[in-house]
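**Q** I'd like to ask you about the structure that follows.
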Amino acid sequence: MSDADEASGEAPALRRKVFGRRSGHKLRARQADILETGLARLAVPLPPAGTILDPKTLFPAPVEDVWFEIGFGGGEHLAAQAEAHPEIGLIGAEPFVNGMASLLRHVDEKNLGNVRVLADDARLLLAALPEGSLGRVFLLFPDPWPKSRHHKRRFVQQETLDLIARALRPGGEFRVASDIMGYIQWTLAEVMRHPAFEWTAERPADWQARTEDWPPTRYEAKAIAAGRKPAYLRFRRR
């Protein structure tokens, strides 16, 4: 915290934290067109620092609740949730260009009107949302950053859990999936020492399999095919 922040009593502004590459293979012309036109229609405008953005105002039709997926990869899960729950507004944050193009293709093909996207650091939007404005937050198969010196890059940290806890309403869910047991152990340790969350599992089956309302992802299928067994964690906002 700077001297100015300390004197004013205000928290320092969040800095962007986007690690790794932002793009992979070159987009085909159709993908590039979907990306350009999709972002023009569906991109979430980040408000100025210190101002609040009501997520329900981002959607053209009224929504009963808003769910937020952090790092949606190819977008299969987010698109499936949006299709199954037209009454819910879905926001996805993904800085990876190819992943964004993939989700926007799903949105276009399924004609989904309840999806909005952020091609940036998810924390910046979480910090701008009103308290208790989200019903669910998803973090599915994030980069595990396996090397010890890179653990500080993992998304699950006390700082980001503070942001998620603030945005989630009481009784809301934070869902995490990974096929890397080191990351699952890290997540359990970090979330369980945060006072805002409780783990909902009561028996092994509660974390060894997806629930019926948890659509699969392409990465999950690859992990299972490679012999890695994912774990599915659900945490409730106290």
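Please treat every number below as a calculation from the coordinates, not as lab data. Here the structure is a predicted model, which means the values were calculated and not measured. Cβ atoms come from the backbone with ideal geometry, glycine included; neighbour counts cover every protein chain shown.
**Q** Rounded, prolate or oblate: which one fits the chain, using the alpha carbon gyration tensor with axes a ≥ b ≥ c (rounded when a/c is under 1.5, else prolate when a/b beats b/c, else oblate)?
**A** Details: a/c = 1.29, a/b = 1.04, b/c = 1.25.
Cα axes put the chain in the rounded bin.
**Q** Which of the lysines could a cross-linker bridge to residue 152, judged by Cα under 19 Å and excluding same-chain residues fewer than eight apart?
**A** 17
**Q** Taking Cα pairs under 8 Å and at least six residues apart, what relative contact order does the chain come out at, in percent?
**A** Working: 407 pairs, mean separation 45.7, N = 238.
Dividing the mean separation by the residue count of the chain yields 19 percent.
**Q** Related question: Using unit Cβ charges (K, R positive; D, E negative) and no other charged atoms, how large, in debye to the nearest 20, is the dipole of the chain about its Cα centre? If you can, show how the numbers build up before the last one.
**A** Details: 34 positive and 31 negative charges, 196 e Å.
It comes to approximately 940 debye.
**Q** I need 106, 150, 85, 77 ordered by Cβ neighbour count within 10 Å, fewest first.
**A** Numbers: 106 20, 150 12, 85 16, 77 26.
So the ranking, lowest neighbour count to highest, is 150, 85, 106, 77.
**Q** While we're on this one: Scanning the chain for GluC sites (Glu not before Pro) in DSSP loops with at most 15 other Cβ atoms within 10 Å, what's the longest stretch left with none?
**A** Numbers: sites that count: 10, 64, 87, 131, 202, 212.
In short, 132-201.
**Q** Which order do 233, 118, 46, 168 fall in if you start with the one that has the fewest other Cβ atoms within 10 Å?
**A** Values: 233 19, 118 23, 46 15, 168 27.
Ordered by Cβ neighbours within 10 Å, fewest first: 46, 233, 118, 168.
**Q** Okay, moving on. Arranged by the count of other C-beta atoms within 10 angstrom, fewest first, what order do 192, 100 take? Each step should come with its number before you reach the end.
**A** Values: 192 11, 100 29.
If I rank by nearby Cβ atoms, fewest first, I get 192, 100.
**Q** Give a quick list of trypsin sites (Lys or Arg not before Pro) in the range 23-67 that DSSP marks as loop, anything other than H, G, I, E or B, with at most 16 other Cβ atoms within 10 Å. Mind showing how you got there, number by number?
**A** On the way: sites: 26, 28, 30, 41, 56; in loops: 26, 28.
Here the trypsin sites (Lys or Arg not before Pro) that fit, given the DSSP loop and packing criteria, are 26, 28.
**Q** In the chain, if the dipole is taken from +1 on Lys/Arg beta carbons and -1 on Asp/Glu beta carbons about the Cα centre, which of 127, 103, 82 is farthest to the positive end?
**A** With unit charges placed on the Cβ atoms, the residue in question is 103.
**Q** Do any trypsin sites (Lys or Arg not before Pro) in the range 132-202 lie in a loop, going by DSSP, with at most 16 other beta-carbon atoms within 10 Å of their beta carbon, and if so which?
**A** On the way: sites: 136, 147, 149, 152, 153, 154, 166, 175, 193; in loops: 147, 154, 193.
Answer in residue order: 147, 193.
**Q** Applying the Karplus parametrisation 6.51 cos²θ - 1.76 cosθ + 1.60 with θ = phi - 60° to the phi angles of the range 135-151, what ³J(HN,Hα) value in whole Hz is obtained for each residue in order, glycine and proline being reported as x?
**A** Using θ = phi - 60°, the values come out as x, 8, 10, 10, 9, 10, 6, x, 4, x, 6, x, 6, 4, 5, 9, 4 Hz.
**Q** For the pairs 26/110; 56/147; 110/222; 26/222; 56/110, flag any whose C-alpha to C-alpha distance is greater than 27 Å. Walk me through the numbers on the way to the answer.
**A** Details: 26/110 24 Å; 56/147 39 Å; 110/222 24 Å; 26/222 22 Å; 56/110 21 Å.
Check vs 27 Å cut-off fails for 56/147.
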